[in-house]
């Protein structure tokens, strides 16, 4: 059923056989005018009403931005500066002037709740001003709890970055995305006076309305969070994965991540399968390379092998039983450890290979980069005998390591559930879940059947600027077996404003110290004008366009009176009559025939100035206000179809010339020629 009363769902074909062209011309003319009316309604926006009202601002967008970029000017006194704190500005390559040493400081972010985190930064003797700022920025951006973004920016003219920052040079800025609720940020030195030495101060509080000017804006990329999902599996099918522990790693954040090598979990008392002899391997940590060796003896267990390898790396002597188990022997170690490398053997529970609910005791050796060395590359390499391969220390894992237990008789659903729970059990930054996928079924040969399959999902939560979720598969190829390499990568959104690129983690942007807010939903393909204007000028033009295009529709209906049902004109008039009290106060009047409108500008601005709330209520405040109601009416007319409002043909037969064939016209012309 049509949503506009009076719209017809069909046309009587026998009545229209002589005037189809006339009907098409009539509906085409009305459609053209409705399109103009629709466009003027879509462009109409309401200003941020400021006091005094002459400060009110309205944002005008190029038509190419309308479906991709929303924009709003914030009223005076209500803008929130996205930049919270700034350092002094100095030449980047100049000496920092800060004493070498270790410093700590705390950053607190509050809004709906309070979060704080303490950071450590080491300043070198020869560090430049830019180097120190970079270290502070990296520390803050590696935060696990805060959504504060630190940036090192160049100020080429005084107060260009912020009204609170004089001078020129490189400065540290701390900012918060405008879409986040926790907007308050404070900092405190906790050990040393690093932040004091950097001249950290609060950014300026934005006053006054948004600057009235045109900016060239283009959306070049949309932000998205990181999302992983496995292949779909029959949830009741047995898993093809081996019973035991399967290790992988995940990393979040934008900074450096630690490297780990995790061995196969083994019974520490079980005899090793390695033959007695000398085994050699190499450990490289950044620029440091160390060749090490272990002399495996008869009677050694896997626990002895793990301990001996760990002792070589950490320079810690270990003891083992002799072959007869009658005495303890000392395994020699190097005189000094490899800087930045740790080796630790820990107890783990491994699912039993014979009982579905039982566990066995085992130990797992982990060789990893130490805290503070995350940015350096750690590699382990066998050089003789293959002791690292025997232990399973062959795959470099990036980030936090996770074990997934696969038990005897586990189904695909069991494994998918374990994977989905594995990371969320160690961090609140990643959510695990499951999704249903339709899969082909081979239950009945020759039949095209389907079944409800299951897939596990991992999603990065509360994504911050520059952040991604990265998974690294272990030696058992758990992630590859499940197809967990299928993902939507996390990426920052980007817009270009007057040639400068701005990034956002959630497609929200703040310009003019927070007085102008933008949000993107699609790429624009080009930079286009976006203008902040004085509301008086723009509102008058926008409202004039709406009224003019409305009158154009009404003129067309009046000119073609009788060809369209009265329900069409009634539907267009209804939003006017329902809001007439407020429209009259705003200076609206009707023509003598009552079908067209005109606006007395003096009365409009007088009422807008004295009661802007009532003006907004009349024009845009609710779904029944004039502009939204007109939008709904035009949409309903489009849905029903313009042709459905044509009056029956028999009411207009005398006004439409009958159709004449080309043959009849030719015969008539010949008769005229013949008869003279």
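The values are calculated or read from the model by the stated rules, or taken from the named source; none is laboratory data. Keep in mind that what you see is a predicted model, and the values were worked out from it rather than measured. Ideal geometry is used to build each Cβ from the backbone, glycine not excepted, and the neighbour counts take in all protein chains shown.
Tabulated results
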| read-out | value |
| --- | --- |
| Answer from 395, 427, 383 - the residue that is at pLDDT below 95 and surrounded by fewer than 19 Cβ atoms within 10 Å (Cβ to Cβ) | 427 |
| Residues (closer than 14 Å to residue 213 by Cβ and surrounded by 16 or more Cβ atoms within 10 Å (Cβ to Cβ)) located in the stretch 514-530 | 515, 516, 530 |
| Filter result for the condition that a residue is surrounded by 17 or more Cβ atoms within 10 Å (Cβ to Cβ) and outside the structural domain of residue 510 (by TED's automatic domain parsing), over 240, 186, 175, 191 | 175 |
| Failed item in (1) touching a residue at least 60 places away in the same chain (Cβ under 8 Å); (2) under 16 Å from residue 85 (Cβ atoms); (3) crowded, with 17+ Cβ neighbours inside 10 Å, with residue 138 passing the rest | (2) |
| Yes/no for residue 280 being surrounded by 13 or more Cβ atoms within 10 Å (Cβ to Cβ), more than 30 Å from residue 411 (Cβ to Cβ), modelled with pLDDT of 90 or more and under 51 Å from the mean Cα position of the chain (by Cα) | yes |
| Matching residues, the stretch 418-463, being in contact (Cβ under 8 Å) with a residue 12 or more places away in the chain, farther than 30 Å from residue 492 by Cβ and out of contact with any strand residue (DSSP E or B) (no Cβ under 7 Å at 6 or more places or on another chain) | none |
| Residue within the stretch 216-235 that is modelled with pLDDT under 95 and loosely packed, with under 15 Cβ neighbours inside 10 Å present | no |
| Hits in the stretch 55-89 (condition: in contact with a helix residue (DSSP H, G or I) (Cβ under 7 Å, 6 or more places away or on another chain) and either surrounded by fewer than 22 Cβ atoms within 10 Å (Cβ to Cβ) or not in a strand (DSSP E or B) (or both)) | 56, 60, 66, 74, 76, 79, 80, 81, 82, 87, 88 |
| Pairs where the first residue, in the stretch 624-647, is within 18 Å of residue 548 (Cβ to Cβ) and the second is not in a helix (DSSP H, G or I), C-beta under 7 Å, 6+ apart | 626/579; 627/44 |
| Helices (runs of 4 or more DSSP H) lying entirely in the stretch 510-622 (those with 1 or more residues that are more than 42 Å from the chain's Cα centre (by Cα)) | 535-559, 566-578, 580-585, 601-610 |
| Tally, over the stretch 309-356, of residues that are within 30 Å of residue 247 (Cα to Cα), part of a loop (DSSP other than H, G, I, E, B) and touching a strand residue (DSSP E or B) at 6+ places or on another chain (Cβ under 6 Å) | 4 |
| Residue match in the stretch 479-488 (condition: buried (at least 17 other Cβ atoms within 10 Å of the Cβ) and in contact with a helix residue (DSSP H, G or I) (Cβ under 6 Å, 6 or more places away or on another chain)) | no |
| Criterion: farther than 23 Å from residue 464 by Cβ and either part of a loop (DSSP other than H, G, I, E, B) or touching a strand residue (DSSP E or B) at 6+ places or on another chain (Cβ under 9 Å) (or both) - qualifying residue of 167, 134 | 167 |
| Per-region count, the stretch 229-273, residues in contact with a helix residue (DSSP H, G or I) (Cβ under 9 Å, 6 or more places away or on another chain) and farther than 24 Å from residue 375 by Cβ | 22 |
| Residues of the stretch 205-227 classified as over 14 Å from the mean Cα position of the chain (by Cα) and either assigned by TED's automatic domain parsing to the domain that holds residue 527 or assigned to a loop (DSSP other than H, G, I, E, B) (or both), total | 9 |
| Output for the stretch 276-300, where each listed residue is farther than 14 Å from residue 341 by Cβ and in a loop (DSSP other than H, G, I, E, B) | 276, 297, 298, 299, 300 |
